1. Using the Cα centre as the reference, give the magnitude of the dipole from point charges on the C-beta atoms of region 138-313 (Lys, Arg: +1; Asp, Glu: -1; all else neutral), rounded to the nearest 20 debye.
2. Would you calculate a helix-derived [θ] at 222 nm for the chain, using -39,500 (n - 2.57) for each DSSP H run of n ≥ 4 and dividing by the full residue count, to the nearest 500?
3. Of the listed values [x] 116, 59, 35; [y] 57, 52, 33; [z] 67, 48, 35, grab the one calculated as Cα extents along the principal axes in Å from the structure here.
4. How far is helix 105-118 tilted off the main Cα axis of the chain, in degrees rounded to 10, range 0 to 90?
5. Can you tell which of Ala240, Leu125, Leu25 lies farthest toward the positive end of the dipole of the chain, using +1 and -1 charges on the Cβ of basic and acidic side chains (Lys, Arg; Asp, Glu)?
6. Taking θ as phi - 60°, what are the ³J(HN,Hα) couplings along region 221-232 by the Karplus curve (6.51, -1.76, 1.60), each to the nearest whole Hz, with x for Gly and Pro?
7. Can you tell me the accessible area per residue over the chain, all protein chains present, probe 1.4 angstrom, in square angstrom?
8. Classify region 134-288 from the C-alpha gyration tensor, please: rounded if a/c falls under 1.5, else prolate or oblate depending on whether a/b exceeds b/c.
Amino acid sequence: MSATDAAGRAAQRTDDADEAEARRLEDEQRLAEAQEERRGARPDWSPLPRRAGLKPNASPLLSLRTPIPARWRWTLAAASFVIPLLIWVTLNALGTIKPMFLPTPVAVFDALVKMIESGELFSDLWATTQRVLLGFGLAILVSVPLGIVMGTFDAGLALFEPVIAMLRYLPASAFIPLLMIWLGLGEPSKVAVLFLGTVFFNTLMIADAVRGVPRSLIDVSYTLGARRGEVLRKVIVPHALPGMIDATRVNAAAAWNFVVVAELINATAGLGLRIMRAQRFTQTDRIFALLIVIGLLGLVIDIALRLLRARVGKWAA
């Protein structure tokens, strides 16, 4: 075959390809015109009704996700305590509930003063606080690194999440007989109840906070030359730290809930023990006083963790 014939056949193939491309473009144009005609045949939608816009003087209290003045914030915070107290006083004044079941605020205050004067309140408070610090502290030491591994590496998530997701549904109180056999009746069994009651939930919540780190931050860090360990230490952990503190704040309340159950195991001191003893003698005023002490202490811990979160994560929403 001569070079002239080869060139002619190549030119013929080029012409055929150009014609096929032209036909394809014409078909696409006809299809687009047909679709445009069908859209044009569709009846016009009726215009949306006119609605009044947001009033400039609308109250921020009823606006969605709108900050409120500090004065209103403190007023509402005070109302959250005053309103239940007023309901409590009203029920006592009306005599709807017997004082044996719902003591008056004055009786509760007197019971609290007596426990303070006798010194038993502070000894019980310290014993309970020690158990919470040990049990929940161990839970934090385990759940934080484990949650970081689960939230950062898919392999860690696949390895640990199934078993933790199952164990978190087991009530910590169900382990009390086993813990009494394994660890005895001393403090280790009480601390273990608190540990088992909080470690699994805290691990999963911390893993969720770590998984919330945007992938774009990780990609940009790699682009700028950061290594894997540097990305973990300087990007992932700092970004997830406010969420970790929030998880700790939520599960700290669970630790205080479990401490009453833990102190059923042959305790000699503790707020939970005092509550159970008061229940035997129907001393509801002492029970209310001890519950208020636990609530106030929990509120102090919650506020402290909120302030810590605001300090280390000012950029977080």
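1. Working: 16 positive and 10 negative charges, 59 e Å.
Around 280 debye, computed over region 138-313.
2. Working: 12 runs with 236 residues, N = 317.
Mean residue ellipticity at 222 nm (helix-derived): -25500 deg cm²/dmol.
3. Correct label is [x].
4. 70 degrees
5. Positive-most Cα among the choices belongs to Leu125.
6. Here the 3J(HN,Hα) series is 5, 5, 4, 7, x, 6, 8, 4, x, 5, 4, 5 Hz.
7. On the way: 21380 Å² over 317 residues.
That works out to 67 Å² per residue.
8. On the way: a/c = 3.44, a/b = 2.43, b/c = 1.41.
It is prolate, given that a/c is not under 1.5 and a/b is the larger ratio.
The values are calculated or read from the model by the stated rules, or taken from the named source; none is laboratory data. Quick caveat: nothing in here was measured; it's all calculated off a predicted structure. Every residue, glycine as well, gets a Cβ built from its backbone with ideal geometry; the counts of neighbours run over all protein chains shown. Side chains are part of the model used for accessible areas, which takes the heavy atoms of the whole protein and leaves out ligands, DNA and RNA. Shrake-Rupley method; radii C 1.70, N 1.55, O 1.52, S 1.80 Å.
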